[in-house]
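Worksheet for the structure shown next.
The values are calculated or read from the model by the stated rules, or taken from the named source; none is laboratory data. Predicted model only: the values in this text are computed from it and were never measured. Quick reminder, even Gly has a Cβ in these numbers, built from the backbone with ideal geometry, and neighbours come from all protein chains shown.
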Amino acid sequence: MATNAILTENLTKVYGKLTAVDHVNLKVGEGTVFGLLGPNGAGKTTMIKLLTGLTDITEGEAYVAGFNVRRDPMHVKQRIGWVASEVILDDDFTAWENLWLQAKLQSLPEWKDRAENLLTYFGLLDRRKDRVKTFSTGMRKKLEIALALLHQPEVVFMDEPTIGLDANTRHMLWDLIIGVNKEFGITVLLTSHYIEEADALCEQISIIDHGKFVASGSPTDLKARVKADFVELETREAVDETKLRAIPGVTEVRTQGKTWILRVSAAEEVLPHIFSALKTDEIRRINVEKPSLETVFLDITGKRIDQPGSDVPDYRKFYAQMRRARQ
Amino acid sequence: MSTETTYARASRRQLASERPRVSQRSQFVGLYGRELLRTFRNPWVLVITFVQPFMWLAFFGSSFSGASPALVQQIFHTDSYIAFLLPGVLSTSMLTVGMFGSMSTIQDKRFGFMKRILLTPTSKATVYWSKVLGSTSRGLIQIPVMILAALVFGVRFAGDPLMWAGWILGIFFLGLGMSCFFLAMTASSTDWQTPGVISNFITMPLMFASGALLPLANFPAWMQAIASVNPVSFSSLLGRGIVVFGTVDWSYLGYLALFATGMLVAGTAIASRYLKAE
């Protein structure tokens, strides 16, 4: 029988008047890659803080690696690793010294062989005596993952690990995350607001919005739930909404800024009707989206995952950019 | 079979095994070592650590260079104001060591490193102690430099090795107490300005309402009252007795030990409750 590496029961976190995480029930099976998908300010990072014992639980219970986070936070912390959205390393230390410090903090008596193996795995062994400030962003990310794995954790939390990275580094990191999961058999809980990242990496996903889980399942299951295509339409002049609703095959019409989003039964059948209802020169841009995690999110929450308007500034992205600017 | 695969399988087997017992000593050594390494790898810290004592003695020590030897003897009971000043300057310099420890803590919070530490099984008390001892150690580096500077300025020292050990221990207690105070005050802060504001607020009163720079006998009664409970006074008087006159009043050391212990206990309680990860 499969066991759960992470289990929560009505997990809730309230900051003043804001309920950041609202009675969340979560089950993450051992050895899986689980994705928490949601826009900025949805409650993803708060979930990680709760599960790692970094912030107090307001209500409910959380279990990680078999230990109750509230009652046994130190046992939990011995069994988890953490990879941040920003690269957090001691820049003036060498790669080896960063590993030394992690070993000390985890009270590891024998760590040098493991550290060497990890550096070999991540292709950093030759650079172990170099100060981290001389490393590229990709190398720093690799070292950070090596730190997270040094004490052989059972669960690794990755909080938006690819935020602010260029496409090449991001894909390199995806391969590493898959490798860490498969090669080391470690459960990975990943938060992201990159749809394609969750789709590529995660076996199971929960979509979180305003602190609540609004959908859960495998990417395939979630996509199958949306039995519709979406047509994104931008017009030159204002268009009457009733005109759009009257188009055959259009089941729902939403506005998002200057853009219309039409939920349609099948895009290929509806497109000719759209072109006949609107003059071609009225249309500035048209975009068809077949079922994807993006459309799942759109269907459930009525907005795009990267849509501005959550009123929560992305400080981590800002700091990530600041740190990279310093390099 | 690749090395990585072999290692991974071994890792998986070990996952089920028991974890090593959490060692506060190991964690403390790691964090304290980090503080020292960071200090010694910062060239500016080293330069200022070595230059500042010479500047203190040059500027303050010269303030009575125009006075007649008889006047200096009458006021300070020694013919060398620099000798009189040395224990006070060392004591005063320990007032600010906690500020650097606080700033280092705030930097760790700002750049996420505190989160990295607190996501390991490290207690907030251990983090606090490592920061306190780190900043105190940083202050102690100034002692040999200051003594060297005083020798350059022609000071001749009195006292025996036991007395000197007691004096250095007194300075250590003062630095420890002040570091505890600063780090406890800023445990929940992430504002770079906070340590500076606290430092500005307390350094002047503690420095001038003490026997660090001038003899207490010339102070008005209200300043003498402050000086009588001011740890800077006790550290200065302990050192002055040893360095200038070759005599020692161990009660000063006892008071400083009490001050450091009290601050450490109170600070540990505050940090354990209020130290924030970010």
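If we scan the range A:62-72, do we find a residue that is within 14 Å of chain B (Cβ to nearest Cβ), buried (at least 17 other Cβ atoms within 10 Å of the Cβ), assigned to a loop (DSSP other than H, G, I, E, B) and at pLDDT 95 or above? Scanning the range A:62-72, I find at least one residue that is within 14 Å of chain B (Cβ to nearest Cβ), buried (at least 17 other Cβ atoms within 10 Å of the Cβ), assigned to a loop (DSSP other than H, G, I, E, B) and at pLDDT 95 or above, so the answer is yes. With the checklist (1) part of a helix (DSSP H, G or I); (2) within 11 Å of chain B (Cβ to nearest Cβ) in hand, flag the one item A:G81 doesn't pass. Just one mismatch for A:G81, condition (1). Does the range B:41-50 contain any residue that is more than 23 Å from B:V152 (Cβ to Cβ), free of Cβ contacts under 8 Å to residues at least 60 places away in the same chain and within 14 Å of chain A (Cβ to nearest Cβ)? There is at least one residue in the range B:41-50 that is more than 23 Å from B:V152 (Cβ to Cβ), free of Cβ contacts under 8 Å to residues at least 60 places away in the same chain and within 14 Å of chain A (Cβ to nearest Cβ).
Has the range A:121-133 got at least one residue that is buried (at least 19 other Cβ atoms within 10 Å of the Cβ), in contact (Cβ under 8 Å) with a residue 12 or more places away in the chain, within 8 Å of chain B (Cβ to nearest Cβ) and over 22 Å from B:V29 (Cβ atoms)? Scanning the range A:121-133, I find at least one residue that is buried (at least 19 other Cβ atoms within 10 Å of the Cβ), in contact (Cβ under 8 Å) with a residue 12 or more places away in the chain, within 8 Å of chain B (Cβ to nearest Cβ) and over 22 Å from B:V29 (Cβ atoms), so the answer is yes. For the residues A:V250, A:V226, the requirement of being among the β-branched types (V, I, T), surrounded by 13 or more Cβ atoms within 10 Å (Cβ to Cβ), within 32 Å of the chain's Cα centre (by Cα) and more than 28 Å from A:L36 (Cα to Cα) singles out A:V250. Residues in the range A:1-48 that are assigned to a strand (DSSP E or B) and of a type in the set (D, E): A:E9, A:D22.
Looking at this structure, is A:S218 surrounded by fewer than 18 Cβ atoms within 10 Å (Cβ to Cβ), under 15 Å from the mean Cα position of the chain (by Cα) and touching a residue at least 12 places away in the same chain (Cβ under 8 Å)? Yes; evaluated as a whole, the condition is true for this residue. Looking across the range A:94-116, the residues that are more than 7 Å from every other protein chain (Cβ to nearest Cβ), out of contact with any Asp or Glu (no Cβ under 8 Å at 6 or more places or on another chain) and not in a helix (DSSP H, G or I) come down to A:E110, A:W111. Just so you know, in the range A:84-93 the residues that are charged (D, E, K, R) and either within 8 Å of another protein chain (Cβ to nearest Cβ) or not in a loop (DSSP other than H, G, I, E, B) (or both) include one that is surrounded by the most Cβ atoms within 10 Å (Cβ to Cβ), and it is A:E86. Of the residues making up the range A:214-230, those that are part of a strand (DSSP E or B) and hydrophobic (A, V, I, L, M, F, W, C) are A:V214, A:A215, A:F230. Among residues of the range A:171-189 that are within 12 Å of chain B (Cβ to nearest Cβ) and of a type in the set (S, T, Y), those with a Cβ under 9 angstrom from a residue that is in a helix (DSSP H, G or I) and surrounded by 16 or more Cβ atoms within 10 Å (Cβ to Cβ), sequence gap 6+ or separate chain, pair up as A:T187/A:N181. Selection within the range A:231-273: residues that are part of a helix (DSSP H, G or I) and touching a residue at least 24 places away in the same chain (Cβ under 8 Å). The member of this set that is nearest to A:I300 (Cα to Cα) is A:A267.
Filtering the range B:171-226 to residues that are touching a residue at least 40 places away in the same chain (Cβ under 8 Å), of a type in the set (G, A, S) and assigned to a loop (DSSP other than H, G, I, E, B) leaves B:A187, B:S188, B:S189, B:S210, B:G211, B:A212. Is it the case, given these coordinates, that B:I82 is within 24 Å of B:M204 (Cα to Cα) and either modelled with pLDDT of 90 or more or surrounded by fewer than 21 Cβ atoms within 10 Å (Cβ to Cβ) (or both)? Taking the combined requirement at face value, the residue does not satisfy it.
Has the range B:121-141 got any residue that is farther than 29 Å from B:A212 by Cα, surrounded by fewer than 24 Cβ atoms within 10 Å (Cβ to Cβ) and out of contact with any Leu (no Cβ under 8 Å at 6 or more places or on another chain)? Among the residues of the range B:121-141, at least one is farther than 29 Å from B:A212 by Cα, surrounded by fewer than 24 Cβ atoms within 10 Å (Cβ to Cβ) and out of contact with any Leu (no Cβ under 8 Å at 6 or more places or on another chain), which makes the answer yes. Comparison of B:V229, B:V243 shows that the only residue that is within 19 Å of the chain's Cα centre (by Cα) and within 29 Å of B:S80 (Cβ to Cβ) is B:V229. Annotation: A:T295 fulfils all but one of (1) of a type in the set (S, T, N, Q); (2) modelled with pLDDT of 85 or more; (3) under 19 Å from the mean Cα position of the chain (by Cα); the unmet one is (2). Looking only at residues in the range A:134-155 that are free of Cβ contacts under 8 Å to residues at least 40 places away in the same chain and not in a loop (DSSP other than H, G, I, E, B), the one that is nearest to A:G179 (Cα to Cα) is A:K142.
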